[in-house]
1. Could you state the number of Å between the C-alpha centres of region 524-559 and region 571-603?
2. Hey, what's region 325-419 come to in accessible area per residue, 1.4 Å probe, Å²?
3. Before I look further, what does region 164-255 give for accessible area per residue, probe 1.4 Å, in whole square angstrom?
4. By how many degrees, 0 to 90 and rounded to 10, does the Cα axis of helix 281-299 deviate from the longest principal axis of the chain?
5. Counting other Cβ atoms within 10 Å, which GluC sites (Glu not before Pro) in region 316-388 have at most 14 and lie in a DSSP loop?
6. Please report the relative contact order for the chain, taking Cα pairs under 8 Å with a sequence separation of at least 6, and give it as a percent rounded to a whole number.
7. Work out from phi, with θ = phi - 60° and the Karplus expression 6.51 cos²θ - 1.76 cosθ + 1.60, the ³J(HN,Hα) of each residue of region 728-733, listed in order in whole Hz, and give x for Gly and Pro.
8. Which listed residue (His231, Leu551, Tyr284) has the Cα farthest towards the positive end of the charge dipole for the chain, taking +1 on Lys and Arg C-beta and -1 on Asp and Glu C-beta about the Cα centre?
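The values are calculated or read from the model by the stated rules, or taken from the named source; none is laboratory data. Computed from a predicted model, the values in this text were never measured in an experiment. Here the Cβ is made from the backbone with ideal geometry for all residues, glycine too, and neighbour counts use every protein chain on show. Calculation scope for accessible area: heavy atoms of the full protein, side chains included, ligands and nucleic acids excluded. Shrake-Rupley method; radii C 1.70, N 1.55, O 1.52, S 1.80 Å.
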Amino acid sequence: MEEQERNLVEGTVSSIVFQNEENGYTILRLEAGAGEITVVGCMPGVAPGESVSVRGGWVRHPSYGEQFKAECVQRRMPRGEKEVFRYLASGVVKGIGQSTARRLVDEFGEDALRVLEEEPEKLTAVKGITLKRAQLMSAAYRQQMGMRLLLEFLSRHELPVELGSALYRQWGDVALDIIKANPYRLVSPEWGIDFARADALGEAMGIEVNDPLRLEAAVLFELSYNLNNGHTFLPRGKLLSASAQLAQAGINEVEQCLDALLARGEAVQEELAGETAVYLAQLYEAEACVAACIARMSEERIAPPEDLERRLRDIQRSLSITYAPQQMQAVELAACSRVMLLTGGPGTGKTTTLRGVLALFDSMGLDTALAAPTGRAAKRLGELCGAEAATIHRLLEMSYDPHSGQLVFSRNEDDPLRADAVIVDETSMVDVQLMAALLHALREDCRLILVGDPDQLPSVGAGCVFADLIRSQTVPTVRLTEIFRQAAQSAIVRNAHQINAGQLPDLRANDSDFFFLSRRDSVEAVDTIVDLCRRRLPERMGIPADQIQVLSPTRKWGSGTAVLNRALQQALNPAREDKGERRFGEQIFRKGDRVMQVRNNYDLLWREAESGKSGMGVFNGDIGIITAITPRGETVTVDFDGREVEYTPDLLGELEPAYAVTVHKAQGSEYRAVILAAVDGAPQLLTRGVLYTAVTRAKSLFIIVGDEEVVARMVANNRQTRRYSGLRARLADI
């Protein structure tokens, strides 16, 4: 759709074409001026008969012509009997349909809404309405009005109106009063409002610059914001300095507010590893839980089966392998440990060892659960081990509490997992809060095997759990270092280890599974990558395009994922008359496109087409294929490995094209063929860890298209952004 200038339209809602009750996205027809127009946008609870003023812009839908895209909506209650009847007859008030609406308007005229709100007992004058029913209708109407006032307030202050549903779910009728009393309550990851936007609202509400509400919000925002940088805590001095700069206030005033937060338990302070560490309360609890649980499990030894040697011989015979000494050590350690770490680079036999551990547990009659942080990693783990695997979220039976708006896990201390052992792969991707949730859900006698590669990129969430556990040297650990002969024949494996050791691989060798194509210009590089995906790899090597994943260190720049995705979509899935399309901003989504969910959304409903099962939650990094777009573009259906999810247009911002993804987003996945664009990017992204992670995503073929000097800089740049994490120190102290 093509956007035009901003404008204002006013009129009366004549009908609702589509409305999503969960997020308020609405398509309606508006009687405005000379005729009707179509208005689209977030307008929760709007109903026929209402008068609205909508500020926004005209857009042109490829199939349905001009529509008005709402950005700011102001609503006026219906006036006159005709508007009041249309409003009540729309069903917007629970318990009132067309016939009841007609009787109410016949009895009270245009005063029906006031009576409904202020004098519900008078409704009993209408035939068929008892006092109890009148009270229920009045309560439903007042709830509708509470939501209406809240939405008008948000719209007036240019805050996202979709926030209204979540706020009302949390606080009900008093939501507006709570926000007016302290607009800085919106400053939290839960609501997604940054300090600057809440500060503008605070100023409009007359809150002074040095008001404790404002300064405390600045401190909490800094702590929350830095979770995105991987920090579980901030040093007190840095926190005070950053918060004072954010709020443009004095250090002393901010320090007093920090102390007040500490006194109330909203933040926690502790001397740790030479730092005065300040945590958000929930991060402190998560990190302390992980340290205490892992330390307790590390100290506990379990008597191995008396016939362990015989079992190991039988396992090797059944798997047709002979374990190397390190692999045998890992399987034996798993037999007598409550918790164990298994680590190693590519080709060192982690999967083979893991299969042995699983076979041993099976022979001991242990019920073992397999899990990984992402859906793709879980699917791969299950295929490699020949058993069912689940995401950690699914294993813990994650759900979304509609009343609190919070993510909750059904499996916890009160209702633990029934498994006797849990094996987690790709543990380097697990953040401290998810690890704490997993540990809370283990029975007292449950075993835990954590598998991963600490040299890959760290978790997106806070902490560096797996690396901290290894570096603490307090947890039973086996590091596999021997590269097996078959794996050593792979240039992918050899070069991955060379890169990890800081050595530049031989880019001119062009072995059977590792190639370098020199392209110093980003335009040339993009053209080459498109040709590889569209023609050369499918025709010459028999690798179809849907088994090729293009990676880039960066989203922007000339060879970033944004440019690559536009070029690859045009080449691999061009527009056709018989293909549905939906434009969102500058992005066109088309049937057949490969797309990725780019943030966790715990209340998206999915259904399995084959089994009919359903559940909630689609997660950051999940990749799927667009299988359908409705003719009017109201919904886009995406298939995530057999789970179908419908996206309304307002949710399309959570999807991105995935023909090319960043290396960070590819963590935990493995692809038959990987092409890495290595031409340009910010220095902090052109690192050894990014290159190593990219290479280890490839199963059969890895191709670098780019500049040899850029590759050399990546190998030499072993810069690792420091994360403030106290887990290693806590384990050492315990």
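1. 19 Å
2. Accessible area per residue: 39 Å².
3. On the way: 4060 Å² over 92 residues.
Averaged over the residues of region 164-255, the accessible area is 44 Å².
4. 30 degrees
5. Taking region 316-388 and a limit of 14 other Cβ atoms within 10 Å, the loop GluC sites (Glu not before Pro) found are Glu388.
6. Relative contact order here is 10 percent.
7. Couplings: 4, 5, 5, 5, 5, 5 Hz.
8. The listed residue farthest towards the positive side: Leu551.
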